[in-house]
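Colleague: Quick one: structure below, then a few questions.
The values are calculated or read from the model by the stated rules, or taken from the named source; none is laboratory data. Computed from a predicted structure; not experimentally measured. Protein only, heavy atoms only, side chains kept; ligands, DNA and RNA dropped before computing areas. Shrake-Rupley method; radii C 1.70, N 1.55, O 1.52, S 1.80 Å.
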Amino acid sequence: MLSQISAAAGRLLISEPFMPDPNFKRSVILLTEYSEAGAMGFILNHQTEYLLGDILPDISYSEIPVYMGGPVAANTLHYIHRCPHKIDNGIEIWDGIYWGGEFEQIKELITSYQLKEDEVKFFMGYSGWTPGQLDDELREDAWIVANKFEADNIFSNNEHNLWKEVVIGLGQRYAHIANFPENPMLN
């Protein structure tokens, strides 16, 4: 098994380099829930063509990018942030990283330019697994679990290099994977 760390809320899932599902190709997912009932998370590095102002007309001038959180419920909007002192009622999922909170506060903070792009990340939809499904995928080496990462990577808009940076950050055992071509036929 590739992954030596078990899945849990607040950990990252890194897709194997040749993931056949295009929804998860070279994905880095922040798990927000993991239990016997299943798992949920958001893809951190699949930016959509939308900006927040395109989705929420009452804050139409917002140029905060929106990411594809996953293929489930793509018509929903979710967010993570690292500013609990500004946004009430978020759920801490990792050291200093929060999921959700008072949406009206977020809108006001964005409208008044008090919330910076590197403090919040928005997602259309989410990634979800039924009970036992993620564990099966981990046994099949579809994912590597990471429990050490920089919060700056999560809130970075450098989505093109995030997968590679996170893989290299796993250490020598995984670093060679970062250089695999996307198409193994090109090797």
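Colleague: With every protein chain present, what is the per residue accessible area of the chain (1.4 Å probe, Å²)?
Modeller: On a per-residue basis, 51 Å².
Colleague: Another question about this same structure. For Ile97, enumerate residues with amide H under 5 Å from its amide H, sequence gap 5+ or separate chain, H modeled in the peptide plane.
Modeller: none
Colleague: Heavy atoms only, probe 1.4 Å: what % of the accessible area of the chain goes to carbon and sulfur, would you let me know?
Modeller: 50 percent
Colleague: Could you check what % of the DSSP bridge pairs in the chain are antiparallel, to the nearest 5?
Modeller: Numbers: 29 of 32 bridges.
Of all bridge pairs located within the chain, approximately 90 percent are antiparallel.
Colleague: Counting DSSP beta bridges with both partners in the range 68-168, what percentage is antiparallel, nearest 5?
Modeller: 90 percent
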